Structure formats: C-alpha cells, structure tokens
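Here the structure comes first, spelled out in structure tokens, and everything after it is commentary.
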Amino acid sequence: MRVAQVTKFGGPEVLVTAEAQEPVAGPGEVVIDVAYVDTIFVETQVRGGWGREIFAVEPPYVTGNGVSGTVHEVGTGVDSGWVGRRVASADGFAGGSAERVPRAVETLTPVPDGLGLRDAAALMTDGVTAVGLIGSTGVADGEQVLILGASGGMGTLLVQLAKARGARVVAVARGERKLALVRELGADATVDATYDDWPQQAREALGGRGAEVVLDGVGGELGARAFALTADGGRFSAHGAPTGDFAAVDTAEAQRRGITLFGIGELQFPPEQRVKLRDEAYAEAAAGRLRPVVGETFALDEAAAAHAAIEGRGLVGKVLLKV
C-alpha cells in the first residue's frame, strides 16, 4: 500500500512515496478505501519543523489526515451496514495520505447524496473550522465582517457563510484573480493586501468605521494591522498563521476597547462537536448553499508537489490529493 511519508523535517522534497502494510480494522474500527485527502497549510509548516510544541509528530510519519472514501471493511462491534458507504473521517493530525486508512467508527461522517467525495474532502477540515468560527464569533445580520486570507480554502467558505447570515463582507486577498473569486462568492467589497496602504483601503470599504467581526486567517503583521480595524465592542479572531505566527494583539487595548479576542484554542473542538459541525457543512453544501473552491488536485505520488503549490501561494482555494 502506498503512502505519502515525511522522512525528516524540511522542505517539500522530504515528502516521498513509501510502502506500508495494509491496515486491518480492529474492534470498533473500519478501513476506508481513500478517494481524496484534505491538505491544509499547517501541514506544510509542521513538515518544515514548525509547531512541534503543538503537533506531536516525529518523522517518519504519514502526512495528511482528513479523508473521504468508501468503507472497505469493518472490525468487530461495528455494524456491517457501513461497508460500501461513502464517508469522511478526520482523527488527529497525520496518517491520512494513504490508499487505505483505519478509523474509529465514531469519527465517520456519512457523505450525503448530492455531495461528491472531492467536495467532501475539501470541506473536511476547513468546513468544520469555518462553520464553528462563524458560530463562535456570533456573526449576525447587518454586521460588517472583515476577512483576511479570503481566497484560501477556509476564507472562501467564511465569505459564503457570513453572507448567508446577512453580514456585509469586506474580503482581503492578494491580486485581482483572487479578489475576483471572492467577489463571485458574494463579498461586498474587496481589498488588495499587495499594497501597503491596504488598511486604509479596508477602512474606507468599511465606511470609515470598524468591522464588528474581524476573521484573521493570515496572522503576522497583516493580522496585527487588521486588529486596529475592529470596532469597539467587536470580535477579533486570530486563528491563522501561514505567515509564520499568529497576529500579536495588545490585550490591554482589546480590554480597553471592549473587543473579545478569539484564538486557535477556541477552534479545538471535541470530536463529537467536530462531527456535528461537519454534518452542518455537508448539509449546506449538498443543498447548494456552500461551495468549496478547489484550486488543484494532485495524485498521491505528487504529495511533495502539492505541498510546494500550497507554500507558493499562487493557487486559490483548496489543494487535495487524489488517491
């Protein structure tokens, strides 16, 4: 059985195709024939050696986690009716980039009719996070929402979900191609972060006042500058760090201005809640109200190229592996 394995911490070249033993379903488990593997930016950071205090993985390890596919076999104590069903599953951080994976039955989410396995994988992680984030920050009808990293896999979902709640969305991304995409998804105004004066452009797009909710999926200096665009009494979520670190926010200023802060910790949902949030994202997608954007799909043997494409930041939307 083929897997995509990280041999040591380093660049994309350390991610290679390797052979592994075929999995067998243990008690309470199923084995999934994998169709697609979700691939997210933080996996490239961990592969490079970042976040070792957060993610307990040591090379060699199989990258990826979220998968969609069809149940191949079940272990003892598992209803045989699962065999042949289309499912999605995420469990932990690694181990998904393989032709077959074993998973505990409680991690399974049935993929509803009307939703393909590709889109199910695209919503695997980002769908859960986006639905949970919109809920936890309490985005409401009539509010202004500023979204950084709006053209990414999760950003594109946040644009749609915020609009569905009746918010006015100002989307921040880099370059006209990415801005055109988020406008197509419903953004009311767009701001090009390529230019150094983008915060002033954003404030103008917000009508000269702050945003009730700022969703920072970028971090670093951009995220820190976005904090000033939060309205007094608003909510600021620093949940992304593709720039290398989360946005540094002055907590004393936040307290003085009555701004509620959210971080990556608020997105560490327990397993049962993750399953519920995934069900919600899948239901919205199956009904045509939520569209994941897939920038490119790579073969399992091209996992290194997939990581390089993610790090290159040229693609819009999600990157997936097709097994």
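Here, each number is a calculation from the coordinates, and none is a lab measurement. As the structure is a prediction and not an experimental result, all values here were calculated from the model. Positions of Cβ are backbone-derived with ideal geometry, glycine not excepted, and every protein chain shown enters the neighbour counts.
How high is the relative contact order of the chain? Use alpha-carbon pairs under 8 Å, at least six apart in sequence, and give a whole percent.
On the way: 759 pairs, mean separation 58.9, N = 323.
18 percent.
Taking neighbour Cβ counts within 10 Å as the exposure measure, how do His239, His72 sort from fewest upward? If you can, show how the numbers build up before the last one.
Numbers: His239 25, His72 18.
Listing His239, His72 from fewest to most nearby Cβ atoms yields His72, His239.
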For this session: Output the relative contact order of the stretch 194-286, whole-number percent, from Cα pairs under 8 angstrom with separation of 6+ residues.
Result: 23 percent
Exercise. Where the centre of each part is set by its Cα atoms, how far does the stretch 252-308 sit from the stretch 228-244, in angstrom?
Worked result: 16 Å
Exercise. Taking the convex hull of the alpha carbon atoms in the chain, what volume per residue do you get, in Å³?
Worked result: 120 Å³
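Using a/c under 1.5 as the rounded threshold, could you call the stretch 126-267 rounded, prolate or oblate? The axes a ≥ b ≥ c are square roots of the C-alpha gyration tensor eigenvalues, and prolate needs a/b larger than b/c, oblate otherwise. Before the final figure, lay out each step's value.
Values: a/c = 1.24, a/b = 1.16, b/c = 1.07.
Since a/c stays below 1.5, the shape of the stretch 126-267 is classed as rounded.
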Seminar exercise, completed: The answer for Arg174, listing residues at least 5 apart or on another chain whose modeled amide H is closer than 5 Å to its amide H, is Ala193
Problem set entry | Using alpha-carbon coordinates, inclination of helix 303-312 to the longest axis of the chain, degrees | 0 degrees
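Contact order normalised by length for the stretch 126-267, with contacts defined as Cα pairs under 8 Å and 6 or more residues apart; what percent is it? Display every interim value, and only then the final one.
On the way: 312 pairs, mean separation 28.1, N = 142.
Computed value for the stretch 126-267: 20 percent relative contact order.
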Seminar exercise, completed: Diffing the stretch 79-95: the Karplus 3J(HN,Hα) column from phi (6.51, -1.76, 1.60, θ = phi - 60°), in whole Hz with x for Gly and Pro, holds 4, 5, x, 5, 4, x, 7, 7, 9, 10, 7, 9, 8, x, 10, 10, x
